[in-house]
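The values are calculated or read from the model by the stated rules, or taken from the named source; none is laboratory data. From a predicted model like this one, the values you see are computed outputs, not experimental measurements. Here Cβ is always computed from backbone atoms with ideal geometry, including for glycine, and neighbour counts include all displayed protein chains. Areas reflect the complete protein model, heavy atoms only, side chains present, ligands, DNA and RNA absent. Shrake-Rupley method; radii C 1.70, N 1.55, O 1.52, S 1.80 Å.
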Amino acid sequence: MITAAQGVKVTTPCVTCGGVLVRDIGQFIDGGQLRWSVEGQCRACPNAWCETGAGPTPEEIRRALLDEHGAVRLRLATKEIKETSLVLVLRALRDMSHLSLGEARLMAAELSGAGLVGTSVEMARLADGLRKRSVATTLAPSPT
Ligand SMILES: [Zn+2]
């Protein structure tokens, strides 16, 4: 089930014929997993392809989404993390992202401080995972 999605259409010259190539770029959450896809199709020739993947999204795709839609900032709803909720936050982050404990601690520190910044789909996925562990968060637009 797709629970969040964001997309952008980017046009570039086609390498085959020089016509207009439209790339339909997207990032989405399917069954709790972060996925991305690119569908390219030339308006003038048969040049077309489709690429899709799971896990960390290629930087080029993130850039295109951030340029079009802007970034969002995810923060914990409560400023002070108590020791018990820190455990929940760390567990949620490690479940979702296969982080080491050190990486999860850094992420938790950012969440309780300035906030984590990313695409709205990436941050929605983190917010969902944290909500499942009863950790409340806030999402707000962030200047890039
Ligand atoms: Zn073409």
* If you go through the stretch 34-42 one residue at a time, do you hit one that is away from the ligand (no atom under 16 Å from the Cβ) and closer than 18 Å to K132 by Cα? -> yes
* Pairs, please: C-beta under 9 Å, at least 6 apart or cross-chain, first residue at positive phi and in the stretch 13-38, second within 16 Å of the ligand (Cβ to nearest atom) and open to solvent by 60 Å² or more (accessible area, probe 1.4 Å)? -> G18/A44
* Does L88 satisfy the condition of being more than 16 Å from the ligand (Cβ to nearest atom), without any contact (Cβ under 8 Å) to a residue 40 or more places away in the chain and out of contact with any strand residue (DSSP E or B) (no Cβ under 8 Å at 6 or more places or on another chain)? -> no
* Please tell me if A136 is outside the structural domain of F28 (by TED's automatic domain parsing), more than 16 Å from the chain's Cα centre (by Cα) and open to solvent by 30 Å² or more (accessible area, probe 1.4 Å). => yes
* Do you know which residues across the stretch 93-131 are of a type in the set (S, T, N, Q), under 17 Å from the mean Cα position of the chain (by Cα) and either at pLDDT below 90 or assigned to a helix (DSSP H, G or I) (or both)? -> S97, S120
